[in-house]
Amino acid sequence: MKAELKKFTKHIFGKERIHVDETRKALLDCQCMIDQFPNDLSIRAQENDLMTKFLDAIRIEEEVAKQKSRNQWLEVGDKNTKYFYNAIKGRRNINRISVLSTVWP
């Protein structure tokens, strides 16, 4: 069972960028076919399917990147390290009120 899971994760996870690139290439090829045969409705339907797959692949890639950055923050940010203090310092600078101005009538 463990060997099967390793094989599954090796072939599925970590390939998000490759999947996006392959889907983008297929979509561009389909759009070139539409340029050559503008009246063919089956190619347009195929383009719609590929566009949906492409947008899903991009969304998955972004979600994986978010999860990885969150994991990095949890690993590095929870410790009182230079990275943690720089992140806090940056947040304080954003939230700081530097100038107050009032207009008196």
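The values are calculated or read from the model by the stated rules, or taken from the named source; none is laboratory data. Keep in mind the model is a prediction, meaning the values are calculated, not measured. As a convention, Cβ positions derive from the backbone with ideal geometry for all residues, glycine included, and neighbour counts pool all protein chains shown.
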Quiz item: Looking at segment 46-72, which of its residues are basic (Lys, Arg) and either over 10 Å from the mean Cα position of the chain (by Cα) or at positive phi (or both)?
Solution: Lys53, Lys68, Arg70
Exercise. Among the residues of segment 28-45, write down those that are among the polar types (S, T, N, Q) and within 28 Å of the chain's Cα centre (by Cα).
Key: Gln31
Quiz item: Quick one: what pairs do we get from segment 1-19, first residue surrounded by 10 or more Cβ atoms within 10 Å (Cβ to Cβ), second modelled with pLDDT of 70 or more and not charged (D, E, K, R), C-beta under 7 Å, 6+ apart or different chains?
Solution: Glu16/Ile60; Glu16/Val64; His19/Ala57
